[in-house]
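The values are calculated or read from the model by the stated rules, or taken from the named source; none is laboratory data. Just so you know, these numbers come straight off a predicted model, no measurement behind them. Cβ placement follows ideal geometry from the backbone for every residue including glycine, while neighbour counts extend to all protein chains displayed.
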Amino acid sequence: MRYLIDGNNLLHTIGQSGLAPTPGRESLAKTIARWARNSGSQVTLYFDGAAPRGDLARQIEQTEIIVRFSGGQTADALIEADVAQAKLPTQITVVTTDRAIQHQVRYRKAVTIDSEAFAKSLYEPLQEDPAPPHPTVEKPQQVDAQEVDDWLQRFEEDDDELPSRY
């Protein structure tokens, strides 16, 4: 499945939902890249505005996903154009809560998913309880000299192999 994600819309939704602290663009790109890798999905993540340069551009770039910036257009316009140009729009899922975009892409037979539902799929698996803690083991009591001798006889240890503290 191919996903087209309205990045600014998703960032806003994550901040409002309380599922996670509001990430920056680079953190969101990394989270979505991990999700794409695990799900085997193709993802294009769209942001409004000019593409960053330098170190920030390198932080946002992910090998598992495509990150696009709208430049002089809107991210919404890029998403709509990509769906309109798709040979199989039924194989595309658009992630946004923007009702106008949802209407436009559904008209072209693409699937839509609300940003909040998608955010839950990103962050709820990360919030599951970790593995149960290891059972606590009581610290052994001090071993007396007689018990050491008993163990040594049982395992037939030579006295010269023992450390000097015994």
| task | Name the one entry in Glu138, Glu116 that is at pLDDT below 95, among the acidic types (Asp, Glu) and outside any helix (DSSP H, G or I). | result | Glu138
| message | Contact list please: Cβ distance under 6 Å, first residue in the stretch 36-56 and more than 20 Å from Leu78 (Cα to Cα), second residue in a loop (DSSP other than H, G, I, E, B), pairs at least six apart or on different chains. | response | Ala36/Glu64; Ala36/Ile65; Arg37/Glu64
| message | From the list Asp55, Asp82, exactly one residue is assigned to a helix (DSSP H, G or I) and either under 15 Å from Ile5 (Cβ atoms) or aromatic (Phe, Trp, Tyr) (or both). Which is it? | response | Asp82
| note | Among the residues of the stretch 91-101, the number that are farther than 18 Å from Phe47 by Cβ and surrounded by 19 or more Cβ atoms within 10 Å (Cβ to Cβ) is 1
| task | Have a look at Ala29, Ala100, Ala33, Ala20 and point out the one that is of a type in the set (Gly, Ala, Ser) and more than 17 Å from the chain's Cα centre (by Cα). | result | Ala100
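Restrict the check to the stretch 24-40 and report whether at least one residue is assigned to a loop (DSSP other than H, G, I, E, B) and of a type in the set (A, V, I, L, M). Give the steps one after another, and end with the answer.
First, pick out the residues of the stretch 24-40 that are assigned to a loop (DSSP other than H, G, I, E, B): 24, 40.
Now restrict to residues that are of a type in the set (A, V, I, L, M): none.
No, that holds for no residue.
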| Of the residues that make up the stretch 82-96, is at least one among the charged types (D, E, K, R) and within 17 Å of Leu11 (Cα to Cα)? | no
| query | Can you tell me which of Ile113, Ile92, Ile79, Ile65 is in contact with an Asp or Glu (Cβ under 7 Å, 6 or more places away or on another chain) and among the hydrophobic types (A, V, I, L, M, F, W, C)? | reply | Ile79
